[in-house]
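Novice: Dropping a structure here in structure tokens format, bear with me for questions.
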Amino acid sequence: MKDSLLLPVVFLLLLILCFALFSLGYLMYLWVTQYVPSNPPSVQWALGAAPGAMRAVFVPSTFVALFVVIMRVARKPGVPFFSYLFALASVAAVFYFGLIGAARFLPGTGDAPPGTSPVEETRAYNPLVAGHFNLIEKATIYPGTVTGDSLGPTFIVDPSSRPAFTAEREGVFDPKTGNAVFADGKKTVPIHPVNPNFAPELAPRNFLASLFGDMTSMSSFLETARGRSRVDFLIALGGMALFSVACMGLAWITRWPLMNVVLVAISFRGLFWLFTLFTNTVATDAFALVVPKRFMPVAPAIGLAALGVIFILWTIFFIRPPARD
């Protein structure tokens, strides 16, 4: 019973740790991807971007903390019934109070460009550095001077144009389009990427990009449900919390701990995949047959809750957890 009682405390401590590390990591990623020597991110930018970054990592931090807790429960199950109950209550409470608190105290999107706050208009900042060969997708630009968005005498090597080599007396970087414009608008050089100092190797690969996209969709779903009504919000977070906690049964499904870890990790990825699946047109039409019209906006969460209940019942009848503490 002691391990079951300690479960909420362990979960909250892990959540705080994951939340702090992920927030710092996300801020560092934004700093790297938006860094340009002519306009480096400042402390003011970090303070402006921090609230949005913290909101962006809240849901991933919650699921990572729960994953670690489930791994602990695999070794120290306590009383399985109370372990399920305390884990479900902890996750639901964190989602509820965390998302409400984030909406009240952490405004912003977390992706403001350098030198701006998240509430300012998004614009591209001039990435060209004076006295350097700036390599972009289709050309090389060497500006003699750079003052804000204004470019002094500039040499351009563009193999796709004729002539391939040109010298311009002056130009300007257009922050709305991200293009360098010369000769009174007659010559335009697209800057792709907008920040040539960002190494594309740092961009998330297909698996991570897909996972991050699904997490973002889930976060948006919860935010939308919170803004619609309290009932919708409770159903949304309850369905996701119930399914994620139901994955605890996989921690005991085989005799091999490593296999159980892999299965729990797959089930967590399956949570985000199922959520995305439940939001498509075919699934929506199927939900319309059994879900009242009033609750159709949160039908994906209802589907996850139903699967979670089935999974828990299957665990109760067919999986034997380790001996109690």
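Novice: Among what's in the range 256-281 and is free of Cβ contacts under 8 Å to residues at least 12 places away in the same chain and over 26 Å from the mean Cα position of the chain (by Cα), pick the residue that is farthest from S219 (Cα to Cα).
Specialist: W256
Novice: I would also like to ask the following. Could you check G144 against (1) more than 15 Å from I191 (Cα to Cα); (2) loosely packed, with under 12 Cβ neighbours inside 10 Å and say which number it fails?
Specialist: All conditions are met except number (2).
Novice: So which pairs qualify, if the first residue must be in the range 5-32 and in the same structural domain as G98 (by TED's automatic domain parsing) and more than 22 Å from P80 (Cα to Cα), the second must be of a type in the set (S, T, N, Q) and surrounded by 14 or more Cβ atoms within 10 Å (Cβ to Cβ), the Cβ gap must be under 6 Å, and the two must be at least 6 apart or on different chains?
Specialist: Taking only residues 6 or more apart or on different chains, the pairs are C18/S61; F19/S61; F22/S61.
Novice: Is it true that some residue in the range 314-322 is within 17 Å of P80 (Cβ to Cβ) and of a type in the set (D, E, K, R)?
Specialist: Yes, that holds for at least one residue.
Novice: Scan (1) modelled with pLDDT under 80; (2) surrounded by 15 or more Cβ atoms within 10 Å (Cβ to Cβ); (3) part of a helix (DSSP H, G or I) for the single condition R55 breaks and write down its number.
Specialist: (1)
Novice: Restricting to the range 64-106, what's the tally of residues that are over 13 Å from W252 (Cα atoms) and of a type in the set (K, R)?
Specialist: Total meeting the criteria: 1.
The values are calculated or read from the model by the stated rules, or taken from the named source; none is laboratory data. Since we're looking at a predicted model, the values are computed, not measured. Methodologically, a virtual Cβ is constructed for each residue, glycine included, from the backbone with ideal geometry; neighbour enumeration extends over all protein chains shown.
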